[in-house]
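The values are calculated or read from the model by the stated rules, or taken from the named source; none is laboratory data. Here the structure is a predicted model, which is why all the values come from computation and not from measurement. Methodologically, a virtual Cβ is constructed for each residue, glycine included, from the backbone with ideal geometry; neighbour enumeration extends over all protein chains shown.
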Amino acid sequence: MAFVHTTLGWQPKAGGVLKAVGAGGRYGALAVRFSNALNPERDLQLEFFTEHSDFAGTDNGRVPTMFSHGLAIGEQPIFKRFADAVFGDAELTRLDNGIFGTIRLDPANSMESALADLIEQGALRFSSGSTAQFVRRGTDGQILRWPIVELSVTPTPAEWRLPKIRRL
Amino acid sequence: MAYVHRHFFEPDEHKNGEPFKSLRTPLDIELEEFKRAVLVKAARYEEIYIGDTLPGRGYA
């Protein structure tokens, strides 16, 4: 914050902001990638989605955003804090080749701003999360049913072909 | 001794070669640690699965 010296002494510069804020805004990327069932490209868990995977309507909806599916990536308290956090809803939109995710990160929120900073450095991708009682898989690894219950931003998604999240 | 304001506040200023510690809160320091760890993970992931490193970044 800039200060200027006036007849009243040192004062905040007119029009200046009182608190610095970090990165933030609207970000998006492909969050689910459809593969071809006849020639599937499997992810790191040897599974794949197709256009016939059943998302139970969540492929055009809103779900909470998390960091790495709520798994702490380190021992220190800050990692647990991110693991425990649930951020604002992500918007999911079905496309021909997959599902596009859009999130908004508040620059005035220090944790969201840290995620936005990481996104702008090209470090995060999306990964969708479902729950065991909903999910159905075929014997070949095809995901038959996957209602999305949360969308995570993560440096290590199972589907490595997904693009990095970018500012929209 | 008269005290003279040379200037009031310069975020990038260093005093005796050390940054002003008061500019960074404990949470700021934790967030920087978090971001460093994520950047390292992202870089390793890209090296292993994509065969690339994040452009222009040194994470080692």
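How many residues, within segment A:77-95, are closer than 22 Å to A:Ser35 by Cα and in contact (Cβ under 8 Å) with a residue 60 or more places away in the chain? Adding up the residues that qualify gives 2. Of the candidates A:Thr131, A:Thr93, the single residue that is at pLDDT below 95 and more than 11 Å from chain B (Cβ to nearest Cβ) is A:Thr131.
Looking only at residues in segment A:121-136 that are in a loop (DSSP other than H, G, I, E, B) and among the small types (Gly, Ala, Ser), the one that is farthest from the chain's Cα centre (by Cα) is A:Ala132.
Does segment A:106-113 contain any residue that is surrounded by fewer than 20 Cβ atoms within 10 Å (Cβ to Cβ), hydroxyl-bearing (Ser, Thr, Tyr), modelled with pLDDT of 95 or more and farther than 25 Å from B:Ala37 by Cβ? Checked segment A:106-113: no residue is surrounded by fewer than 20 Cβ atoms within 10 Å (Cβ to Cβ), hydroxyl-bearing (Ser, Thr, Tyr), modelled with pLDDT of 95 or more and farther than 25 Å from B:Ala37 by Cβ. Can you tell me which residues in segment A:137-163 are in a loop (DSSP other than H, G, I, E, B) and out of contact with any Leu (no Cβ under 7 Å at 6 or more places or on another chain)? Result: A:Thr139, A:Asp140, A:Trp146, A:Pro147, A:Val149, A:Thr156, A:Pro157, A:Glu159, A:Arg161.
For segment A:62-81, which positions are crowded, with 17+ Cβ neighbours inside 10 Å and more than 11 Å from A:Val153 (Cα to Cα)? Listed by number, the residues that qualify are A:Val63, A:Ile73, A:Ile78, A:Phe79.
Out of curiosity, is A:Thr131 surrounded by fewer than 17 Cβ atoms within 10 Å (Cβ to Cβ) and within 23 Å of A:Tyr27 (Cβ to Cβ)? No; evaluated as a whole, the condition is false for this residue. For segment A:42-59, residues that are loosely packed, with under 12 Cβ neighbours inside 10 Å and either under 12 Å from A:Ala158 (Cα atoms) or among the small types (Gly, Ala, Ser) (or both) total 3. Selection over segment A:134-168 of residues that are hydroxyl-bearing (Ser, Thr, Tyr) and more than 14 Å from every other protein chain (Cβ to nearest Cβ) gives a count of 1.
Out of everything in segment A:139-156 that is surrounded by 13 or more Cβ atoms within 10 Å (Cβ to Cβ) and either among the charged types (D, E, K, R) or free of Cβ contacts under 8 Å to residues at least 60 places away in the same chain (or both), what residue ends up being nearest to B:Val40 (Cα to Cα)? Only one residue tops the list, namely A:Glu150. Checking A:Arg81, A:Arg33 one by one, the residue that is farther than 19 Å from A:Asp117 by Cα, at pLDDT 95 or above and within 18 Å of the chain's Cα centre (by Cα) is A:Arg33 and no other.
Pairing residues of segment A:100-120 that are farther than 17 Å from A:Arg81 by Cβ and within 11 Å of chain B (Cβ to nearest Cβ) with residues that are of a type in the set (A, V, I, L, M, F, W, C) and surrounded by 19 or more Cβ atoms within 10 Å (Cβ to Cβ), at Cβ distances under 8 Å and at least 6 apart in sequence or on separate chains, gives A:Ile119/A:Leu105; A:Ile119/A:Val153; A:Ile119/A:Ile165.
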